[in-house]
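The structure appears below as structure tokens.
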Amino acid sequence: GKSTIIKLLTGELKQDSGETWKHPNMRIAYVAQHAFHHLEKHLEKTPNEYIQWRYAGGEDKEALNKDTHQITDEEQAKMDSVQELLRDDGTLEKSVVESIMTRRKHKSGYEYEVKFVGKLIDKNMWLARDKLIEMGFQKMVFRMDEREALRLGTSGKALTAREVEKALGNMGLEAEFATHNRILGLSGGQKVKVVLAAAMWEDPHILVLDEPTNYLDRDSLGALATALKSYNGGVVIISHNTEFTKEIAQETWHCDNGLLRREGESFVDPAEKLLDPNDPLNSGFVEKAEVKDSFGNVIKVEGQKKKLTGAALKKYKRLKDGRRKRGEAVSESVEDEWAGW
């Protein structure tokens, strides 16, 4: 059940019912329980060649094999149907969508440039995200989101042999093995370094490790724990090794008999505590909650937008500057910026 939950979050599997939601700009890196699974089809490549192959063309080619990317015959038939769309000048466009070209920020969301079959690009239209999903193009929208998220995550570094060799070196793989030896000839520990370097190439917001104690020795686990403590992103780890998880985890999810139980210092029940309105990570809002008066009557507290002040405003500006340096789209308005997240 634990690995299944992770695969739902990363898109490796599609849920039978319900919904899996993630922000359009979210980048999630996944290292499978059997880490070498990522390299099985690339043993004749060097580690450098593997990472260049994987991210060439502005997409993570491993992600294209996920269940959430596979288009069914029913979905394809719906996308191939004629769409009736109203242009800005009031004329009615009756065409079949060929592809989604690009994406841009629009108010608190995104809109996408659509090209039509048999039409020149000057006939392209910009359509809202919700409209495209309603038309049946959800998977094409998600794929464009992932392309844009990858572009933002890798801005400032080129997919060249030199840059990739540097990334592999940061994981402890010397240039001799990174660029001049095939993956087939690497040791187990060296292959793990290749897998981790490839996962971290896109600068993920969340790193997911499935049973890392299965493929790392004790010294490597110690080094990983030290690195994760200083990592600015989120980390999700599946493990039966409590010694390792207690060293780094602030919150634990226990999965047993189809039930999920959460515990740890970072878990706060929103029904028991209001979020800090001056914390920019809470979007400047107080969360809706229920409190009781002295007579035991339930009082509903509505969330209200608060202006950032003092230390919270400085924290917000530092986060914003960091996003700008990574090449991400940043609004000049505090309210607009956090509404998009």
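The values are calculated or read from the model by the stated rules, or taken from the named source; none is laboratory data. Quick caveat: nothing in here was measured; it's all calculated off a predicted structure. Counting neighbours? That spans all protein chains shown, and the Cβs are built from the backbone with ideal geometry, glycine included. Calculation scope for accessible area: heavy atoms of the full protein, side chains included, ligands and nucleic acids excluded. Shrake-Rupley method; radii C 1.70, N 1.55, O 1.52, S 1.80 Å.
So for the pair Asp217, His106, with labels modelled 7 Å out along Cα→Cβ, what separation do we get in nm?
Distance between the two pseudo-spin positions: 5.6 nm.
If I take R0 = 45 Å and measure r between the Cβ atoms of Leu319 and Glu40 in this structure, what FRET efficiency does the formula 1/(1 + (r/R0)^6) give, to the nearest 0.05?
Efficiency at R0 = 45 Å is approximately 0.70.
Using 0.36 nm per residue of separation minus the Cα-Cα distance, give me the extension gain between Asn124 and Lys78 in nm, one decimal.
Residue separation times 0.36 nm, minus the Cα-Cα distance, leaves 14.6 nm.
Just want to confirm a number: the relative contact order over the stretch 1-115, from Cα pairs under 8 angstrom separated by 6+ residues, in percent.
Normalised by residue count, the contact order of the stretch 1-115 is 15 percent.
For the stretch 1-122, give the percent of accessible area contributed by carbon and sulfur heavy atoms, probe 1.4 Å, rounded to a whole number.
C and S atoms contribute 51 percent here.
Rounded to the nearest percent, how much of the accessible area of the stretch 157-226 (1.4 Å probe, protein heavy atoms only) is carbon and sulfur?
Looking at the stretch 157-226 in its full context, I get 50 percent from C and S.
Roll a 1.4 Å probe over the protein chains and send me the accessible area per residue for the stretch 1-141 in Å².
58
Would you mind checking Lys105/Lys139; Lys66/Lys191; Lys14/Lys193; Lys45/Lys166; Lys2/Lys22 for any pair whose Cα atoms are more than 27 angstrom apart?
Lys14/Lys193
What does the extension gain come out to for His254 and Ile133, with contour length at 0.36 nm per residue minus their alpha carbon separation?
Stretched fully, the His254-Ile133 segment lengthens by 40.1 nm.
Go through 167-174, 249-256 and give me the packing order, highest mean Cβ count within 10 Å leading.
167-174, 249-256
So, R0 is 35 Å and r is the distance between the beta-carbons of Lys22 and His180; what FRET efficiency does that work out to, to 0.05?
Efficiency for this residue pair is about 0.35.
What does the charge dipole of the stretch 118-247 about its Cα centre add up to, to the nearest 20 debye, if the Cβ of each Lys and Arg holds +1 and the Cβ of each Asp and Glu holds -1?
480
As a test of the definition: which semi-axes, in Å, follow for the stretch 1-140 when you take the square root of five times each eigenvalue of its alpha carbon gyration tensor? Largest first, please.
33, 19, 15
Could you work out the percent of alpha carbon pairs in the stretch 9-88 separated by over 21 Å, rounded to a whole number?
Considering the stretch 9-88, 50 percent of its Cα-Cα pairs are separated by more than 21 Å.
Using 0.36 nm per residue, how much length does the chain from Thr4 to Trp53 gain when fully extended, once their Cα-Cα distance is taken away?
Between Thr4 and Trp53, full extension yields an extra 14.9 nm.
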